[in-house]
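*Asks:* Got a structure for you, written out below as structure tokens; questions coming shortly.
The values are calculated or read from the model by the stated rules, or taken from the named source; none is laboratory data. Since this is a predicted model, take the numbers as computed values, not measurements. Glycine gets a Cβ as well: all are built from the backbone with ideal geometry, and neighbour counts include every protein chain shown. We work out accessible area using only protein heavy atoms, side chains counted, and drop any ligands, DNA or RNA first. Shrake-Rupley method; radii C 1.70, N 1.55, O 1.52, S 1.80 Å.
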Amino acid sequence: MPTGRIPRALRKPRTAASQDSPIASEAASLVDFLSAAQQYDVPFLPIASQKGLDILGRGLSGGIQQSTADVVTALAFKEGVPSRHEHDTDQNQDWHSLITEITILQHPPIRESPRFVDLLGISFHVESTIGIERRAWPLLITSKVNRGDLASVLRNEQDGLLTADVRMLIFSNIAEAVYVLHACGAAHGDLKPDNFLVEETEAKEINCLLIDFGSSVLKGQKRLPTTNEPWNAPELGNSSSSLGYGELAQADVYSFGLVCLHVLLPIQILRNENLCLIRTPEQSDDEWANLRRRVKEAKEKEAGDALAARLSRVIRHRDVPSELQDLLQIIVATTIGPQSGRRTIPWADLLPHIEKYLSHSFRSIPRLTVSSPPLVSSSMTFDHSRHKLFNISDALGELDDTDYVLRADIANDLLYKSEDSACSTCRLQYAFNAAVYRTIGFGGCQDIEASQKLLAKSCKTQEDLESAIQEINAAYKLTGRVAKRVLDALGIGILVSSDRSEQYQISRRLPEAEQKIKTEIEARVHVFGETSLSLAKLRSELSLVLKAQNRLSEAERCQQVVVRILDQHFGERHPSSLIARINLATIFAKQGRLLHAEEIQRSVHPILAEVTGPEHPDTIAALHSLALTLVELGEFVEAESLMREVISYRSNYLTSNHPDTIIAEFNLVSILRAQGLLAQALDLMRSIDQKLTRIIGGNDLSKARFHLVRTLLLKDLGLLDQAMETVNMALAAMDRLQLPENDILRLDGLDMLASVYGASHNRDKQETILRKVLHTKRTLSDNDRELGLTKCLLAQNLLYQGRLREAFDMADEVLRASERSVTINPDNFITSVDIQATVLAHWGKIKEAEEMRRDILQSCKTQFGDYHSLTLNAMYSLGEFLSDQGDYDKAKWHFERALSHLRGTPQPGKDAIKVAKLLAINYREQGEFQDAEKYCKEAIVWATNAVGEEHIETLAVYHALATVYTRMRRFAEAEDIYANRLEKQTRGNQLEMYIKQSMSHLRRAQGRSEEAQELQVEAHRLMKEMLEKSNPDLIKMEGNVLCDALRQAETLTDQLEKEVLENIQLKKRVLGATHLSTLTTMSELAYAYGAHGRFEDSEKLFNEMNAMGGIEAVQSPDRYATLLAKQAEVYLRMGQPEKTEELERKALAVRQRIFGVEHNAVLVTMANLASTLHAQKKDVEAEGYLRQILSVRESKPMTDPQSIFSFLKSRVALGAVLYSQGKLQESARLYVGAVQAAQRVGLPATIVDIWKADLEHVLHEMTQQGISALELEEAGVTDSQAYEREDLAETQ
């Protein structure tokens, strides 16, 4: 619980020093704190706390934050100086308390005891304050425990940890800690369960550690006490005077008794008597306040006997063992009952119970009294030889690895010390140190004038100054001084620095950091020269700051200098030199110079593994960096393998909940997503989600980054509403951080928001956002890659809107920035080429568009290899283009090559699914339906495994399979897929409109014309809602609607003709003049011209098509045959049967090849050809075709009106041909059967009447030829019952 603070009285200087009176001291400040840390060998660690994690506890000197930092061991950070005074004031001596805490924790007997928290080092935190001067405040870094504080453990005693043996062990640990502390001449001043931490080892051993010495006092000191009801001794409650070691040690004994009672007694027993001093979640503020008040009154009543008596009664509870009762009664009688001065810990009574739990060090460590902190030695009352001043020569390398604000604070504090130090000799030394710092620009710009004034004040010479500067340069240590004990505790051999550019970004200090660090660099270059080792860390940090601002060219130049400096001083194989190269490669990767980055990373990683070890954090970080570069290069399989290796290491050595582990997992999500393994990616994302709330807490920067990764996955999964919500959560986190408009993370977030709008077809909002981002990036950055990414997104947006020239020009800007080479920013380059090729195709420059795609494919093969992901992407693009142009053979060749490679991957993902589906569509269009079905089924298996049954990619493959079944006239199977797999599942997403369109085709093929029309209207409506006017699919659909109108129109109106002609022109511009959809609409209009007697217009249109080589170039046999049949029908109406016959023979040959002889399309074409032959008196051949048709139709069941009508129509046609050949009896028989069956099944009267009239002609001719009644009867003409029986048999 929070500790109440009482302002501390200033200890007056110039008071005689003794063991019984306070030692004189001056006000403490940052430099005194650093001096104490240096004297006690406490290292400065360049690691930062993870803000937003759970609070471990709170002490007088500040909150204790959890963290895992960038190292193996979980850490805890204690914030110092809560009052935020630059120096101790009359009422606050927080710096002195922090110095005292270091002094105690570094005292050898305490440091070596396992009962105290281990102080590993010191870090610094700069608050994100606005409107006031920023300052750096210290953080004491200790190892973090896994069971939390003792109060939490006791509160949750039902968890099963607190067995009787464990309770006694914890009691022993607490007793040992208090004994050692007091034996060393220190009183804690704030003993309570919150200030003990409990850890459990892998071997299930329990240890309890004492923490928070900010309220402590040493022998010879006095201070105002800390009050912390209900745990403090009664005499502290109203104390307004300073107390010394003796008084606070007595208070410790009292608090010790209370804590031990709560450890040894079950909490419920104390709760039942309203004596549980640990607050439970169920207690309200008022209930807790009342309990504290009653306990305080009991402490004060009857000189404390009242509380002791109540506790004694509780101890006699029947559930408490008698031996434990005796022990607890002794503890109450000796620690809680007596007044201050007479309390004691009954060690003789305790030892039999705790001896077996005491540590080995307890018996061997000498009880040396803690020396007063070095601040006291700065007093003018002592000999100056005992004074300790901060030595920058030993610490400059460590201080360079901290926030620039800290260096500025040190420089300013030295000036304060040079004026206000109590020791005149120290003032002179502080003035000299300040003169040195001003000369070398430490913490600010070089100020020679101020330096000379300080030098004069110090009574030192210019030679002394130059000698000191030379000593600093010679003594500079890049890695600082970190004891092996600390490194062992951290679990690493070399300390890993934190990336402070992230903190600068959060606090909106990037521009300020850049200016301050540049100022320091300029001063050191002037003093030490360009190649001084002291420049390496500052330049490296400057490089990170520039990179965070997206100024990559400057960052690269800066990092190149770092590499040269480190190579010169340490050689190329030193870890620092190797890490500097990895950082340089990271900049190259962000610039898009991916091959160069990869080359460096592959060469450095094995050396780093050899030098530092394969599992060193730097080695793993280098591996992580290489994996990210491989992702950008499209080497997903290797990138996935490396990222899994990184995750495995970090999970084992940093834990699975470590931020670095989670970052690697998020990167793996992106890799899986890029491979189309969305089911795996989603599973991993769900496991990450379970960690995030607890791990990142209030860390808005991490939240923003994680939300952006999640948005990508949700967008790919087609969950656009969730993607929109998530990206807005990321932007909201950035708003809370108040990131500036030109912050690179914010720009990434806006790019992501734009892409989600694009996926939702909200092109206007997408364009607005992209133009805003583009404007910011143009004013901010020289980074062609990031700038190019936004330009590509905008070019795609413009293309979707039909603004072709703008799209082409925007893509050209990207190509010029890439020097028209695929090696520079390959992703952006390939995307831009694809955009330009698409625009060229829209402009009708089909050959140029194809050539561009072939060129980029060849470039990718040359540069990256035949089966690199970038090469495969270029191959897909070319294949889709060729397929769309109807060049199915060439398209299939590319797709089959790609699929042969993708089949060899461990798990075929989205690319394999896409290519198999495209192959199926190509085979379908060429009438090779068995192959089309095979590829669809193979893709369905892959899609189900990779992205799941309900994913849009899986549904798209099912859709392709349904269209194959429709073309094969396997209507029941197609119907089943639409009903059970697609209709409900695609409702509300983009695939729905295509499903409606395909179902329309199915209904038309089934002869259900009205339903087909309704579905097409609905598909058209959805497309108009979801697609831009220039979208090729919408243009095709509008052409289909117009074609339906042409077929149904009784007259060809001027308006309808105008709309169809406009659609044809639009298709020519957008799709190309020889595109199948363009030719289909032209053919339908030509057919309509012919149907309405406009033969000249019809022929003119057909000639235009033929002149372009259009119909002959169509590689889809079915479509080709349909176009031929349309053209043949028109020529027939024009009275050109020879031309009609030629076209119909072509159509029949094509359809027989792809469908076989029994397919309905073949039978229809055959019937049309027979009709044309009959018109030319070629009745023998016509008869052969018609008998073949009847043979096929008679062999199949006829269960629907359309099949019955087709069968009867074929009989009538054969009857007509036989009549022409004079075969009257068979002709009459066929006519009679057709008429009677037509009447029976209810065919329209108009059809029946026509057939009756034809029958009358046959009968009349038979009569004219003198055929007798007997012959008629033999033919069956008069035996209606016989005809009926025969016809029923035939029509069943």
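*Asks:* What do you reckon, is T1081 among the hydroxyl-bearing types (S, T, Y) and in contact (Cβ under 8 Å) with a residue 60 or more places away in the chain? Walk me through it before giving the result.
*Replies:* Working: among the hydroxyl-bearing types (S, T, Y): yes; in contact (Cβ under 8 Å) with a residue 60 or more places away in the chain: no.
Here the answer is no, as T1081 does not meet what is asked.
*Asks:* Additional query: So which residues in the stretch 978-993 are surrounded by 14 or more Cβ atoms within 10 Å (Cβ to Cβ) and over 17 Å from A1019 (Cβ atoms), if there are any at all?
*Replies:* Here is the first cut: in the stretch 978-993, the ones surrounded by 14 or more Cβ atoms within 10 Å (Cβ to Cβ) are 978, 981-983, 985-986, 989-993.
Selection gives R981 alone.
*Asks:* Another question, then. Please indicate, with yes or no, whether at least one residue in the stretch 1017-1038 is part of a loop (DSSP other than H, G, I, E, B), in contact with a helix residue (DSSP H, G or I) (Cβ under 6 Å, 6 or more places away or on another chain) and charged (D, E, K, R).
*Replies:* Filtering the stretch 1017-1038 down to residues part of a loop (DSSP other than H, G, I, E, B) leaves 1027-1031.
Restricting the remaining residues to those that are in contact with a helix residue (DSSP H, G or I) (Cβ under 6 Å, 6 or more places away or on another chain) gives 1027-1028.
Filter once more, so that each one left must be charged (D, E, K, R): 1028.
There is at least one residue in the stretch 1017-1038 that is part of a loop (DSSP other than H, G, I, E, B), in contact with a helix residue (DSSP H, G or I) (Cβ under 6 Å, 6 or more places away or on another chain) and charged (D, E, K, R).
*Asks:* Can you go through L628, L642 and tell me which one is under 28 Å from Q907 (Cα atoms), open to solvent by 40 Å² or more (accessible area, probe 1.4 Å) and at pLDDT 85 or above? Give the derivation first.
*Replies:* Numbers: L642 fails: open to solvent by 40 Å² or more (accessible area, probe 1.4 Å).
Every option except L628 fails the conditions.
*Asks:* Return the total of residues in the stretch 85-138 being open to solvent by 50 Å² or more (accessible area, probe 1.4 Å), within 17 Å of S29 (Cβ to Cβ) and modelled with pLDDT of 85 or more.
*Replies:* Within the stretch 85-138, residues that are open to solvent by 50 Å² or more (accessible area, probe 1.4 Å), within 17 Å of S29 (Cβ to Cβ) and modelled with pLDDT of 85 or more number 0.
*Asks:* Which count do you get for residues in the stretch 26-60 that are part of a strand (DSSP E or B) and either of a type in the set (G, A, S) or at pLDDT 85 or above (or both)? Quick ask: steps written out before the conclusion?
*Replies:* Step one: list which residues in the stretch 26-60 are part of a strand (DSSP E or B), which gives 29, 44, 55-59.
Applying the additional criterion that residues be either of a type in the set (G, A, S) or at pLDDT 85 or above (or both) yields 29, 57, 59.
Within the stretch 26-60, residues that are part of a strand (DSSP E or B) and either of a type in the set (G, A, S) or at pLDDT 85 or above (or both) number 3.
*Asks:* Can I ask one more? Please work out if N667 is open to solvent by 10 Å² or more (accessible area, probe 1.4 Å) and modelled with pLDDT under 85.
*Replies:* Values: open to solvent by 10 Å² or more (accessible area, probe 1.4 Å): yes; modelled with pLDDT under 85: no.
So N667 does not fit the description; no.
*Asks:* Output the residues belonging to the stretch 722-769 that are of a type in the set (K, R) and open to solvent by 50 Å² or more (accessible area, probe 1.4 Å).
*Replies:* Step one: list which residues in the stretch 722-769 are of a type in the set (K, R), which gives 736, 746, 763, 765.
Answer for the stretch 722-769, where residues must be of a type in the set (K, R) and open to solvent by 50 Å² or more (accessible area, probe 1.4 Å): R736, K765.
*Asks:* Okay, next question. So for the stretch 222-239 (the condition being surrounded by fewer than 18 Cβ atoms within 10 Å (Cβ to Cβ), among the hydrophobic types (A, V, I, L, M, F, W, C) and at pLDDT below 85), does at least one residue qualify?
*Replies:* There is no residue in the stretch 222-239 that is surrounded by fewer than 18 Cβ atoms within 10 Å (Cβ to Cβ), among the hydrophobic types (A, V, I, L, M, F, W, C) and at pLDDT below 85.
*Asks:* Another question, if that's okay. How about the stretch 1039-1082: which of its residues are of a type outside the set (S, T, Y), within 29 Å of R805 (Cα to Cα) and outside any helix (DSSP H, G or I)?
*Replies:* Matches in the stretch 1039-1082: L1071, G1072, A1073, H1075.
*Asks:* Continuing with the same structure: Do you know which residues across the stretch 670-705 are at pLDDT 80 or above and of a type in the set (D, E)?
*Replies:* Once the filter is applied, which keeps residues that are at pLDDT 80 or above and of a type in the set (D, E), the stretch 670-705 yields only D683.
*Asks:* How many residues are over 26 Å from the mean Cα position of the chain (by Cα) and open to solvent by 40 Å² or more (accessible area, probe 1.4 Å) if we restrict to the stretch 785-807? First the steps, then the outcome.
*Replies:* First, the residues of the stretch 785-807 that are over 26 Å from the mean Cα position of the chain (by Cα): 798-807.
Pick out the ones that are also open to solvent by 40 Å² or more (accessible area, probe 1.4 Å) and you get 800-801, 803, 805-806.
The total comes to 5.
*Asks:* If you scan the stretch 530-552, which residues turn out to be in a helix (DSSP H, G or I), open to solvent by 10 Å² or more (accessible area, probe 1.4 Å) and farther than 21 Å from L739 by Cβ?
*Replies:* L533, K537, R539, S540
*Asks:* List, please: which pairs have Cβ atoms under 9 Å, are six or more places apart or on different chains, and start with a residue in the stretch 666-690 that is among the acidic types (D, E) and end with one that is open to solvent by 40 Å² or more (accessible area, probe 1.4 Å) and in a helix (DSSP H, G or I)?
*Replies:* Close Cβ pairs (under 9 Å, with a partner that is open to solvent by 40 Å² or more (accessible area, probe 1.4 Å) and in a helix (DSSP H, G or I)) amount to D689/R710.
*Asks:* Taking the stretch 295-312 as the search range and keeping residues that are free of Cβ contacts under 8 Å to residues at least 60 places away in the same chain and under 60 Å from the mean Cα position of the chain (by Cα), which one is most open to solvent (accessible area, probe 1.4 Å)?
*Replies:* At the first step, the residues of the stretch 295-312 found to be free of Cβ contacts under 8 Å to residues at least 60 places away in the same chain are 297-298, 301-303, 305-312.
Add one more test, that the residue is under 60 Å from the mean Cα position of the chain (by Cα), and what stays is 297-298, 307-308, 310-312.
Details: E297: 96, A298: 11, L307: 6, A308: 13, R310: 74, L311: 12, S312: 23 Å².
Selected residue: E297.
*Asks:* If you don't mind, another one. One residue is enough: does the stretch 1183-1205 have a residue meeting the conditions more than 22 Å from Q1006 (Cα to Cα), aliphatic (A, V, I, L, M) and either part of a helix (DSSP H, G or I) or open to solvent by 60 Å² or more (accessible area, probe 1.4 Å) (or both)? Walk me through how you get there before you give the answer.
*Replies:* Start the filter on the stretch 1183-1205 by keeping residues that are more than 22 Å from Q1006 (Cα to Cα), which leaves 1183-1188.
Next, only the ones that are aliphatic (A, V, I, L, M) stay: 1186.
Retained after the next criterion (residues that are either part of a helix (DSSP H, G or I) or open to solvent by 60 Å² or more (accessible area, probe 1.4 Å) (or both)): 1186.
So far as the stretch 1183-1205 goes, yes, one or more of its residues are more than 22 Å from Q1006 (Cα to Cα), aliphatic (A, V, I, L, M) and either part of a helix (DSSP H, G or I) or open to solvent by 60 Å² or more (accessible area, probe 1.4 Å) (or both).
*Asks:* Any residue that is open to solvent by 10 Å² or more (accessible area, probe 1.4 Å), among the aromatic types (F, W, Y) and either part of a helix (DSSP H, G or I) or touching a residue at least 40 places away in the same chain (Cβ under 8 Å) (or both) - is there at least one of those in the stretch 522-529?
*Replies:* yes
*Asks:* Collect the residues in the stretch 1093-1135 that are modelled with pLDDT of 80 or more and not in a helix (DSSP H, G or I), keeping them in residue-number order.
*Replies:* Within the stretch 1093-1135, G1093, R1094, M1134, G1135 meet the criteria.
*Asks:* What do you reckon, is L1173 under 21 Å from E1138 (Cα atoms) and crowded, with 18+ Cβ neighbours inside 10 Å?
*Replies:* Details: under 21 Å from E1138 (Cα atoms): yes; crowded, with 18+ Cβ neighbours inside 10 Å: yes.
Answer is yes for this residue.
*Asks:* Same structure again: Would you point out the residue of the stretch 1141-1150, among those that are closer than 13 Å to A1167 by Cα and open to solvent by less than 60 Å² (accessible area, probe 1.4 Å), that is farthest from the chain's Cα centre (by Cα)?
*Replies:* Keep residues of the stretch 1141-1150 that are closer than 13 Å to A1167 by Cα, which gives 1141, 1144-1145, 1147-1148.
Then drop every residue that is not open to solvent by less than 60 Å² (accessible area, probe 1.4 Å), which leaves 1141, 1144, 1147-1148.
Numbers: E1141: 64, E1144: 59, A1147: 54, L1148: 56 Å.
Only one residue fits best here, namely E1141.
*Asks:* Out of all the residues in the stretch 817-831, is one or more of a type in the set (D, E) and more than 23 Å from I587 (Cβ to Cβ)?
*Replies:* The answer is no, given that none of the residues of the stretch 817-831 is of a type in the set (D, E) and more than 23 Å from I587 (Cβ to Cβ).
*Asks:* Filter the helices (runs of 4 or more DSSP H) completely within the stretch 387-488 down to those with at least 2 residues that are of a type in the set (D, E, K, R), in contact with a helix residue (DSSP H, G or I) (Cβ under 8 Å, 6 or more places away or on another chain) and buried (at least 20 other Cβ atoms within 10 Å of the Cβ). Steps first, answer last, please.
*Replies:* Values: elements: 392-400, 404-420, 424-440, 448-458, 462-475.
Ranges flagged: 404-420.
*Asks:* Just checking, how many residues over the stretch 1083-1092 are surrounded by fewer than 19 Cβ atoms within 10 Å (Cβ to Cβ) and in a helix (DSSP H, G or I)? Spell out how you get there, then give the answer.
*Replies:* Restricting attention to the stretch 1083-1092, the residues satisfying the condition of being surrounded by fewer than 19 Cβ atoms within 10 Å (Cβ to Cβ) are 1091-1092.
Adding the requirement that they be in a helix (DSSP H, G or I) leaves 1091.
Of the residues in the stretch 1083-1092, 1 are surrounded by fewer than 19 Cβ atoms within 10 Å (Cβ to Cβ) and in a helix (DSSP H, G or I).
*Asks:* Separate question: Failed condition for D286, given (1) under 47 Å from the mean Cα position of the chain (by Cα); (2) within 23 Å of G337 (Cα to Cα); (3) part of a helix (DSSP H, G or I); (4) not basic (K, R), with all others met?
*Replies:* The single condition D286 does not satisfy is (2).
*Asks:* With respect to I846, determine if the residue is touching a helix residue (DSSP H, G or I) at 6+ places or on another chain (Cβ under 9 Å), more than 28 Å from E1028 (Cα to Cα) and at pLDDT below 90.
*Replies:* no
*Asks:* For the stretch 570-588, check the following and say yes or no: at least one residue is among the hydroxyl-bearing types (S, T, Y) and open to solvent by less than 10 Å² (accessible area, probe 1.4 Å). Working first, answer last.
*Replies:* As a first pass, look at the stretch 570-588 and keep what is among the hydroxyl-bearing types (S, T, Y): 576-577, 586.
Keeping just the survivors that are open to solvent by less than 10 Å² (accessible area, probe 1.4 Å) gives 577.
Yes, the stretch 570-588 contains a residue that is among the hydroxyl-bearing types (S, T, Y) and open to solvent by less than 10 Å² (accessible area, probe 1.4 Å).
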